[in-house]
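The values are calculated or read from the model by the stated rules, or taken from the named source; none is laboratory data. Small disclaimer: the values here were computed from a predicted structure and weren't measured. FYI the Cβ positions are ideal-geometry reconstructions off the backbone, even for glycines, and counts take in every protein chain you see. Quick note on the areas: whole protein, heavy atoms, side chains included, nothing else; ligands and nucleic acids left out. Shrake-Rupley method; radii C 1.70, N 1.55, O 1.52, S 1.80 Å.
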Amino acid sequence: MAADAPTIVATSGGVVPGARIRWSVGPLTTYAVDLAGVSGRAPRVCFLATACGDQPAVVRDFYDLAQEAGFHGNHLSLFAMPNVDDIREHLLSQDVIWVWGGSVAGLLAMWELHGVGEVMREAWQAGVVLTGVSAGSICWHSGGTTDSFGPDLRPVTNGLGLVPWSNGVHYDSEEQRRPLFQELVAAGTLPTGYATDDGAGLHYRGTELVEALTEQPGKAAYLVERGPDGGAVETRLDTRLLRG
C-alpha cells in the first residue's frame, strides 16, 4: 500500500516518554503511519538518524519503540558507510520513512553525498509517507532555522524543497526560534513558512498544507509570511488535538 498522494507529516514531536522504554510512539507518528493505509500486515517503517550521526543508542531506541508499536522497523545509516547495498531500493520499499532530529545541515550534506535527497523525492512521489521531528521536519522544506552551526541560530536554505515553504521548529520552547524565523521571512531570506510548537505537526498533501495537528493540548502551528509593511505577520492556525 501507499498513500494516495505525496504525503509529509513534519513535526516538533512524534514521540512520548515510554513506560518501560525510553521513547514510545506519539500520536503524531501514529497519525503519519496510519496515512500509509497499510492493512493485514505490520507497516514497514524506516528510521534515519543521520542528523545525530547515526548514534547507535538512538537507533536502538527506535527498535524498542517499533517493537512496542507493532511496526516492521528497519533503519538506514550512512556512518561510517551505508548499512544497505542499495539505498534507493531500500527506501522505496518502505511504507513510512521517519527522520530523527539533530543537525539539519549535517543531514543535508550527508544526504547529498549519498544521493538520498533524490531518492526521498522519488519515494514521496510514489506514496511513501515522509515524517520526522526537528531536523527531520525542516529537511522536507526549503529551509528554516538551525543550531547546526552553534548556539546562535542561523538560517539553513538548502532543504530538499519537497514543499516550497520554510519551517520553524521548537517554536515555543527555544527563545531564539520565533524571532529569528520571523526576521528571516520578513527579510526574504526564507519564504513564507509554517512553524510548530513542541508537540505540534503539519500534514501536507502534495505541496499544500492539509491540517495542523498537535499531540499536546494548547500547542499550535503558525503561518508566518511577509506583510505589506515589510515585517512578519504570524497567524495561529486551527490545530486539531490528536488523542493518544
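With springs connecting C-alpha atoms under 10 Å apart, model the chain as a Gaussian network and identify which of Y31, Y222, Y194 has the largest mean-square fluctuation. Greatest mean-square fluctuation among the candidates belongs to Y31. Based on Cα atoms of the chain, Rg over Rh with Rh as the Kirkwood radius reads 0.95.
Shown here for region 148-239: trypsin sites (Lys or Arg not before Pro) in loop regions (DSSP other than H, G, I, E, B) with at most 12 other Cβ atoms within 10 Å, of which there are none. Rolled with a 1.4 Å probe across the full set of protein chains, the surface gives F149 an accessible area near 110 Å². Based on protein heavy atoms only, region 132-176 ends up with 36 Å² per residue of surface accessible to a 1.4 Å probe. Which values of log₁₀ I(q)/I(0), to two decimal places, follow from the Debye formula for region 1-110 at q = 0.20 Å⁻¹ with a uniform point scatterer at every Cα? Calculated log10 I(q)/I(0) at the listed q: -1.18. Can you give the log10 of the normalised intensity I(q)/I(0) at q = 0.22, 0.24 Å⁻¹, computed with Debye over equal Cα scatterers of region 114-185? These q points yield log10 I(q)/I(0) values of -0.94, -1.06. Remark: spin-label model distance E175-M81 equals 4.7 nm, labels positioned 7 Å along the Cα→Cβ axis.
Can you tell which of V58, V45, V156 shows the greatest fluctuation in a Gaussian network model of the chain with Cα springs below 10 Å? Answer for the Gaussian network model of the chain: V58.
Three principal axis extents describe the C-alpha atoms of region 1-41; from largest down they are 34, 26, 10 Å. Remark: the Cα gyration tensor places region 71-164 in the prolate category, a/c being 1.5 or greater and a/b exceeding b/c. In units of the compact-protein estimate 2.2 N^0.38 Å, region 59-103 shows a Cα radius of gyration of 1.21.
Peptides 66-75, 121-130, ordered by how many other C-beta atoms sit within 10 Å of their residues on average, highest first, read 121-130, 66-75. Report summary: the helix-based calculation at 222 nm, which adds -39500 (n - 2.57) for every DSSP H run with n ≥ 4 and divides by the residues of the chain, gives -7500 deg cm²/dmol. Given their separation in residues at 0.36 nm each and the Cα-Cα distance between them, D238 and E68 gain 58.0 nm when the chain is fully extended.
Have a look at the DSSP beta bridges in the chain and tell me what percent are antiparallel, nearest 5. Among the beta bridges of the chain, antiparallel pairing accounts for roughly 50 percent.
Here the extension length gained between L92 and E208 equals 39.5 nm, from 0.36 nm per residue of separation less the Cα-Cα distance. When the Gaussian network model of the chain links Cα atoms closer than 10 Å, the mean-square fluctuations of D229, D54, D198 top out at D229. Using the Karplus relation 6.51 cos²θ - 1.76 cosθ + 1.60 with θ = phi - 60°, the per-residue 3J(HN,Hα) values for region 76-88 come to 10, 10, 10, 9, 7, 8, x, 8, 10, 6, 10, 4, 4 Hz, with x marking Gly and Pro. In terms of its alpha-carbon gyration tensor, region 38-89 comes out oblate; a/c meets the 1.5 threshold, while b/c is at least as large as a/b.
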